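Taken together, the values in this text are just the output of simple stated rules run on the coordinates, not laboratory data. For clarity, every value in this text was computed on a predicted model and none was experimentally measured. Because the Cβ atoms are built from the backbone with ideal geometry, glycine has one as well, and the counts that use them run over all protein chains shown.
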Ligand code: NAI
């Protein structure tokens, strides 16, 4: 089946339209690239054409990237290198065409799609919200393998090229223009017309797209000479090493390909790029990141139910109870998704504070050029606040984010329900209370659900949706649809203490407390887990979350799960010493205010050791042992959650842990990590920890069963 259609207008400007039949988005598979190759060969022979516009036939997508499935089928580095060389050869044919080629971009133009656009002589994008450009390959543990690392420095300059290729960031049209990824941004209806006009102008010699030149003295000093470039590469290496902690080889490898091209010429650069692609494609890191990517695309299609007949209801107005830290965040993401938001708090001051917090999120997006001034105003206008319940009568969804106090929550549920329309859904953002218990105060438990957001709400990608046995299917489906609309990855879990995320964090944090009690130096403990791949160590996390909150959740978990989750006794003394963590600037670490009035963390507060049983007599730790203790405590709990039906699938467990808790993505998530280790090894290690430390490491029955049956959580 043909994916590419060629048409030629009276002025001899050809339009090549890419429309992959039966797919929502255009992807570059081997078959498509072969078709393009033949077409390009034909075009090379034609002398009548004056120009070519490359455009997509999809409504909202240019090219989403290469077909990632094909990367997983690759079995050797040599095979992957060849795949990359082939891509390079075909795209080179575009660049070599004798007439001007213009990429007319609307919708996602990512990965291989961006590389194709880079091979064109001129790039125009629409200013639409759906238009996104970038080279996200490193996020899949790969590098742009079809010439991207070589063409980027030419079109965007060295500094931008390094950022684009090694960060994997996506850029909105205005940002892409600034970075040099496109020459021009136009409103969508004008795209094809302007693209053809530019092709004509280039053919007539009236428009000559100039190659990138560093602008300004600093850019010139850095990019225009050998020493400056050397400095840029050195600095980029340092930044990448600091960020990746040696776990993600792709960004450094992409940097190497750029450096080779810049210093040793294009031929060496292209070769280095394809070899790098080959090396990376067969790494375990890349495989895990690709599986995680598949899991996320899968979640985007999941309604949260096995019953496909249930249709979600439209949510266009959201009421939020509590304009505090979380409430304001939920308001901001809801407004950003086009919904009207009504905030309710108890005082004018609290309302103003909530509105200002929302505005800060919007203004930040404006400053980063991801929204226009007009959009900024619209986002602000959609959020209003009240100390009454006015405006709640037209809400489709109400989310409560008041203090974590069951009596208060019960009271507010009763109060608000009188003001809501019959079909309105009620979501609670509690982080630890049972949803079923909260729902006892509701007259319509079938419309009651947990909507567990993570902080900061506008940045964290997960939404944990908690259903009770009474929650209706439609409430679940509508909540999932709402989650997707606000740009989150929703996982639906069943109600139970700590749901999924807080529950698996419990034994992990508990184990950290035991390690501390044994006399571990705080920084060494944190470093061990950062080296394992978590974004921050457990002690830092404790300070961030709040030692009081952790203690409260710890008690709830202990009450529910018994001895297995008993924290070490010494921890009580921290509370008695009024150590709450960052929020009262008194925790395991020291906090000071800088001249911008920001609270900055300093080193460990050594006086905290006086409250721990081992005092200041530290004992060095074995990082590998500590990593194993903490990670297995978490993995074992994950298996229990699956076994008890808290989780619907290992996939949800992996997404939940990675996106909610920062579980190392390169390990694929807890369930993928257990599969890689082998369930027999997981079991053996748990048994040996059980011998050393007792019941808290008793292996989950599911792990025992799977190890004996030589099973895995995933079949592929
Ligand atoms: P917060 O203290 O920043 O905000 C709570 C807000 O509720 C305050 O503005 C308060 O004035 C308001 N409030 C109190 N009574 C009210 C009433 N009757 N009507 C309307 N508003 C009322 O607390 P935060 O951090 O936003 O937490 C809110 C909820 O979200 C809690 O249940 C918490 O457990 C949960 N949560 C918090 C997370 C976090 O990282 N802070 C993460 C996930 C959930």
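From the Cα gyration tensor of the stretch 523-567, with a ≥ b ≥ c the square roots of its eigenvalues, which class applies: rounded if a/c is under 1.5, or else prolate if a/b is larger than b/c, or else oblate? Taking the square roots of the gyration eigenvalues as a ≥ b ≥ c, the stretch 523-567 is prolate.
Sorting 643, 273 by the number of Cβ atoms found within 10 Å of their own Cβ, with the fewest placed first, yields 643, 273. Remark: relative contact order (the chain) = 9 percent; criterion is Cα-Cα distance under 8 angstrom and separation of 6 or more residues. Taken as Cα centroids, the stretch 17-67 and the stretch 422-482 sit 44 Å apart, rounded to the nearest whole angstrom.
Counting only alpha carbon atoms, the long axis of helix 501-517 and the longest principal axis of the chain meet at about 70°.
Taking the Cα atoms of the stretch 4-287, the ratio Rg/Rh between the radius of gyration and the Kirkwood radius comes to 0.96.
State, as an integer percentage, the relative contact order of the stretch 317-495 based on alpha-carbon contacts under 8 Å between residues 6 or more apart.
On the way: 346 pairs, mean separation 37.0, N = 179.
Averaging sequence separation for qualifying contacts and normalising by length gives 21 percent for the stretch 317-495.
Expressed as an acute angle from 0 to 90° and rounded to the nearest 10, what is the orientation of the C-alpha long axis of helix 158-167 relative to the principal long axis of the chain? The angle comes out near 50 degrees.
Can you sort 586, 573 by how many other beta carbons sit within 10 Å, fewest first? Show your work: numbers first, answer last.
Numbers: 586 20, 573 14.
Ordered from fewest to most neighbouring Cβ atoms within 10 Å, 586, 573 come out as 573, 586.
The shape of the stretch 151-218 comes out oblate: with a ≥ b ≥ c from the C-alpha gyration tensor, a/c is at least 1.5 while a/b does not beat b/c. The long axis of helix 325-336 is offset from the longest Cα principal axis of the chain by roughly 30 degrees.
With a cut-off of 8 Å between alpha carbons and a minimum separation of six or more residues, what is the relative contact order of the stretch 502-708 in percent?
Values: 270 pairs, mean separation 48.6, N = 207.
About 23 percent, as a whole number.
I'd like to know how the stretch 502-708 sits against the 2.2 N^0.38 Å rule of thumb: what's its Cα Rg over that expected value? Walk me through the intermediate numbers first.
Values: Rg = 17.1 Å, N = 207, 2.2 N^0.38 = 16.7 Å.
My calculation over the Cα atoms of the stretch 502-708 gives 1.02.
Scattering from the chain was approximated by placing one identical point on each alpha carbon and applying the Debye formula without solvent; log10 I(q)/I(0) at 0.05, 0.06, 0.08 1/Å stands at -0.28, -0.40, -0.72. Each of 4, 72 was scored by other Cβ atoms within 10 Å of its Cβ. Arranged with the fewest first, they read 72, 4. Computed log10 I(q)/I(0) for the stretch 300-400 at 0.14, 0.15, 0.17 Å⁻¹: -0.56, -0.63, -0.76, from the Debye equation with unit scatterers placed on every C-alpha and solvent omitted.
So what's the back-of-envelope 222 nm ellipticity for the chain, counting only DSSP H runs of four-plus at -39500 (n - 2.57) apiece and dividing by all residues, rounded to 500? Write down the numbers at each step before the final one.
Numbers: 29 runs with 355 residues, N = 716.
For the chain, the value works out to -15500 deg cm²/dmol.
Note on the stretch 604-638 and the stretch 87-103: Cα centroid distance 57 Å, given to the nearest whole angstrom.
Temperature 20 °C, viscosity 1.002 mPa s: under these conditions the Stokes-Einstein estimate for the stretch 317-495, based on its Kirkwood radius over C-alpha pairs, is 134 µm² per second. With a Förster radius of 45 Å, plug the Cβ-Cβ distance of residue 313 and residue 566 into 1/(1 + (r/R0)^6) and report the FRET value to the nearest 0.05. Calculated value: 0.55.
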